[in-house]
Structures are given as C-alpha cells and as structure tokens.
Amino acid sequence: MRGRDLINAYLPDEVILEIFLLLDSKPSRDACSLVCKRWLSLERLSRTTLRIGASGSPDLFVKLLARRFVNVKSIHIDERLSISLPVQLGRRRWGDQLTLSSRKLHYMTEISGSEEGQGESYCLSDAGLAALAEGFSKLEKLSLIWCSNITSLGLMSLAQKCTYLKSLDLQGCYVGDQGLAAVGKGCKQLEDLNLRFCEGLTDTGLVELALGCGKSLKSLGVAACVKITNQSLEAVGSHCKSLETLSLDSEIIHNKGVLAVAQGCPLLKALKLQCINVTDEALIAVGTGCLSLELLALYSFQQFTDRGLRAVGNGCKKLKNLTLSDCYFLSDKGLEAIAIGCKELTHLEVNGCHNIGTMGLESIGRSCQNLTELALLYCQRIGNCALLEVGRGCKFLQALHLVDCSSIGDDAICSIARGCQNLKKLHIRRCYEIGNKGIIAVGEHCKSLTELSLRFCDRVGNEALIAIGQGCSLQHLNVSGCHQIGDAGIIAIARGSPQLNYLDVSVLQNLGDAAMVELGEGCPLLKDIVLSHCRQLTDVGLAHLVRNCTMLESCHMVYCQGITSTGVATVVSSCANIKKVMVEKCKVSSRTKRRAGSVIAYLCVDL
C-alpha cells in the first residue's frame, strides 16, 4: 500500500477532529497541522483557546486569527506579554489583504521576549476588541489583562456580539460605567467577572451590571477600585443570589457592604477580604448567613478579633480552607474555635498573626484530622509542641511551609516525619533551629516527598541531603544559602533523584565541579538551575552539567567567579531549549550575544 494516503481516504473530518482534540500538547498539534492542507484546516477548526500578547499590533493579530480559528471559545490577551514578528507583513500575490505565514501563526500567540527596540509596540484598542467580538461570536471566556487602551466603547461592541460570554477578566483596564452596564445587558450568561484595578469604575456601572446579569453571576473580584462603595455590594447582595466567590480589596468598603452580601448570597463558598474598615460585625454575619462557605481568606484586618472568628467556627461547618494574614488581634482562642467547629478543614495558613501561638495550633492538630496543607509564616510564638500535635493528629498532611518560625526545631520536624508519612512538599526558610536531625527523619519516613526547599537553614548539612537522596526521589530542590551543604549532599541527590527538574544551590560556598558532573549524569530532566554566588564552580563543571542536561531551559549563574565567557557560551550552544541565562554582562562575548541575545538576562548591568 506504499504511496497511498489511507487516512485521508477513509477517515471523515469528524473523526480526525476528535483525534486532534485528544492531543494535549501544542507541539503535537502544530506538527499535525503541517502534514497536509486538509489537516491544517481541520486543526484550525479544533482550536478553542488562544493566548496573545497585546503588543506588536494586536489589533491586526486579532483580525488574522479570527479568520483562521473560527471555533475559539477562550482568548487571553495580556499587555505585559510581548510578541516578536516572525515574518514581515506584506501583500499576498493574489490579494490585497495583509497576512502572516500560516505555519508561523500557530506559535505566534505563544512567543514572548522580543528584543528591546525591535519594531514599534502597540496596545489593543477598542477597534481591535470590536474586531475580536465580530470574529469570535462563540466566545465564552475573555481575559484582557492590563489592556489600558480599552474603554467603554470597546466593551459595548463586545457585549453586543459575544452574548455567550461566561467569563470576563478586565484587570488593569480603564473601562467606564457605560461599558460595564452594556456587559450586564448583553451578556446574560456571565458567571465570572474580575474588576481588579479598574480605576475608572463607579457604583453606577457595577449596580447596572448586577441588575442586568446578576442572576447568572457566580464569581466577582473587586480590588483597588476607589470609587466602588457599599452601594455596589448592596446591589450584589440584592441581585446576585447565585454568587459563590467574592474577592474584595478595598479601603472604602465598610461593614454595611459585606453584611449585604452575607445576608443576600446564601450560596457563597469562597470569600477573600482585605478591607481595613470591616469589623467583627461583618464576620458574624458571614458565620450566620454563609453556611456553605468553604474558603475564607482574611488579609490585614486591624479591627477583627476572636469574636468574629468564633462566629465563623460556629456557623461555617463546611469550611476547608482558611488564610489569616496580618490579623494582629486574633489569638489562640479564635483558632481553637475554628478547630472545634470546622472539622473538615484541609488547608490552613497563618501569616504574621503575632498573637497566635502554640495552643492554637495544638487544637488544630487535635481536631482537624483531614488537614493536608499547613503554612506558618512569621509565627514567632508557635513552638515545637504545636507541630508535635499536628504530627500525631494530621496523618494526611501533604504540604508544610515554615518561614521565620524561630521557635520550631528538629523535634517538631521529626514528629511531622513520623506521623505525616504522606508528606510531598516541605518548604522551610530561615528556621534556624532546624538542622540535620529533622531532615534526616524526613528522608527516612517520607518516601513520597517530591519538593524540598531549605532556604538559609544554617544547621542543615550534607548528612541531611544524603538521607533525602537515599529515601526520596525529588523533582524540586532549593537549598539556597545552606552554607554547610557541599558536593557530598548534592551528589547524593543527583544519584537518588533522576526526576529532578528544578535545583537552586545558590550561595553554597563549598559546592564545586564534582557535584555538577554527578548532576549531569544523574538528572537528565533538569530544566531550571540556579548557581549564583557559587564561587568554586568553573567552566569545566558547567560543561559536564549541560552535556547531558539537554532539556535545560533556565540557568542563573551570577557572581560565579570561576565561570567565564567560555562557560556562558557552552550553556547557550549546548542547550537547544534554553530560554533564560542570567549572568554578568562582562561575561557575554559578542559572538554569544549575536547568537542568543534574546535569552541573556543581566543582573546589575552597570556594575
């Protein structure tokens, strides 16, 4: 049958489209589109998502993409992402329309990082948004991140054409009330709306939106909108009965607005508040009215006490995720109320709450047996006994994060290791009482550990990493600033963790080329490595590393005295997938700059 195209001869379009939909990687889809014209056409029909950088004439890109990908339902445009033109725009021989190489158009929407100064940059305008609305009438999800040239006029065009829109992200867009009102009138299926940093909005726009599509709205985010007041939240409480998620960051909102939502949105499942003028009264209303609440995040509360948290514990029995950040007036009693009342709690983060101590965490360990993730940040009053109780009671714990917890030491980590053997992630930073003993226990008992971060833990040395290398197969390791770790520890990791893809060994003064040789031989999947401030590393070790680590995408090697321009050139020439190399400017030769200038990043250029 040689020479016959049986696939195109016997398979109908519908079957090939179904096959394309099963391809989960973009390179595979791109490869299929190059087989023949029919597959190119069908692959375009199968595309449902586009990601575009809002620079390099995005208005034109939108028009071209609309002609090629007619079934797109999700578009993400981010003005912070830049795009380099792969080909020159020009006239086709058989027509007057501007076009791009169709083969390169597939990856155009994914490329970022054009060199500074190449070509002129433009922002997505109302005309481009109107073209998007005209070309993608089936659109269901649209993100316009920091598209500062979009105004109400563009939103009005969008609302008229994209009536199936379910999700709209306007973060950083200076849109006005008329545009938001138009969305409320035209997009009756809207479920998700993000208005973070939309400084041009007032209560008028949000009230009109709530009146127009409040029945379908399920998620709302409002932050840094200085003209949005309690009036808007009162409208949300009155008309958005199906609201499930509310994220609110405001210095203007008071109790009245939060009370309206708590009383009017009984289906609320997630509530994130950063409102310095909200007090216990609002949280008591949440505990009374939001009985389906599963996630509560409270940030920078200066008027919120144990009384409010106790009401949440008494009423929100389904609470699973709790974040308390910089809530200075909370104490152990509030956390005890959560532990007693919220038995289904799985995630807890306590950050900078200086009056919460050991007793509060002990109650969590005794009562919240389903806890899977615990983060303690800047908690000076939480000691070993707290984690001893967590180790005994929380057998399903999978992730533990400790930052600047000066009262937590080896005994606590040993308890966690023995009791929480399902642990997969352990992140520790600047906890100076934790040393080899605790980490050795982790290596002996936590065989499922894949992520380990021990940043600036001065008492952790080679013995700890040898135990980890023998007991765990890591994918992610960060030992930045652990001065006692040298070649022996990293060699043990290289031999025991063949799946390692991220490694940060910066500021390790005792690390040399021997470790690089072992990493090159034992960790072929390595993609990101940070070697900065490792003074004993040389070009020789770097050459051994990149010889086998061909998948390397990022390499940071700032202030490595033994690495020269030769080492930098070796990395660039040996790693076909390299995307970022951070190094001093003086170590980049003119040839390397010509060859790979777009991937070179400089730190302290003028030094």
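In terms of distances greater than 30 angstrom between alpha carbons, the cross-link table entries 218/318; 320/437; 215/272; 227/317 yield 320/437; 227/317. How large is log10 of I(q)/I(0) for the range 333-392 at q = 0.29 Å⁻¹ when the intensity is taken from the Debye formula with one equal scatterer per alpha-carbon? Ignoring solvent entirely, the Cα scatterers give -1.41.
When the Cα atoms of the range 253-294 are aligned to their principal axes, the ranges along those axes come out at 25, 16, 14 Å in descending order. Kindly provide log₁₀ I(q)/I(0) values, in the same order as q = 0.15 Å⁻¹, from the Debye equation applied to equal alpha-carbon scatterers of the range 381-457. Taking Cα atoms of the range 381-457 as identical point scatterers yields -0.40.
Dividing the helix sum by the residues of the chain, where each DSSP H run of 4 or more adds -39500 (n - 2.57), gives a mean residue ellipticity at 222 nm of -11500 deg cm²/dmol. Residues of the range 15-39 with an amide N closer than 12 Å to a point placed 7 Å from the Cα of residue 70 along the Cα-to-Cβ direction: none.
Against the empirical 2.2 N^0.38 Å (N residues), the range 30-81 has a Cα radius of gyration ratio of 1.22. Sorted from greatest to least, the principal axis extents spanned by the alpha carbons of the range 215-260 come out as 27, 17, 14 Å.
Shape summary: the chain maps onto an equivalent ellipsoid whose semi-axes, from the alpha-carbon gyration tensor, are 42, 40, 22 Å in decreasing order. Plainly put, the range 455-607 has a radius of gyration that is 0.96 times its Kirkwood radius, both from alpha-carbon atoms, as the Rg/Rh ratio.
In a solvent-free Debye calculation with one equal scatterer on each Cα, what is log10 I(q)/I(0) for the range 521-607 at q = 0.14 Å⁻¹, listed in the order of the q values? Calculated log10 I(q)/I(0) at the listed q: -0.40. Grouping the Cα pair distances of the range 557-607 into 5 Å bins from zero gives a pair-distance distribution of 5, 22, 37, 26, 9, 1 percent in increasing distance order.
Sites listed here are chymotrypsin sites (Phe, Trp or Tyr not before Pro) in the range 418-517 whose DSSP assignment is loop and whose Cβ has at most 15 other Cβ atoms within 10 Å: 432.
When the Cα atoms of the range 198-327 are aligned to their principal axes, the ranges along those axes come out at 36, 27, 20 Å in descending order. Residue 71: net charge of surrounding residues, Cβ under 9 Å, Lys/Arg +1, Asp/Glu -1, itself excluded? Every neighbour counted, the sum reads +4. For residue 297, nonlocal amide neighbours, meaning residues 5 or more places apart or on other chains whose placed amide H falls under 5 Å from its own, are 271, 272, 273, 323.
Of all the accessible heavy-atom surface of the chain, with the other protein chains kept in place and a 1.4 Å probe, what percent is carbon and sulfur? On the chain, the fraction of accessible area on carbon and sulfur atoms equals 50 percent.
The values are calculated or read from the model by the stated rules, or taken from the named source; none is laboratory data. Computed from a prediction, not measured in an experiment: that's the story for all the values here. Note that each Cβ is placed from the backbone with ideal geometry, even for glycine, and that neighbours are counted across all protein chains shown. Accessible surface areas use protein heavy atoms only, side chains included; no ligands, DNA or RNA. Shrake-Rupley method; radii C 1.70, N 1.55, O 1.52, S 1.80 Å.
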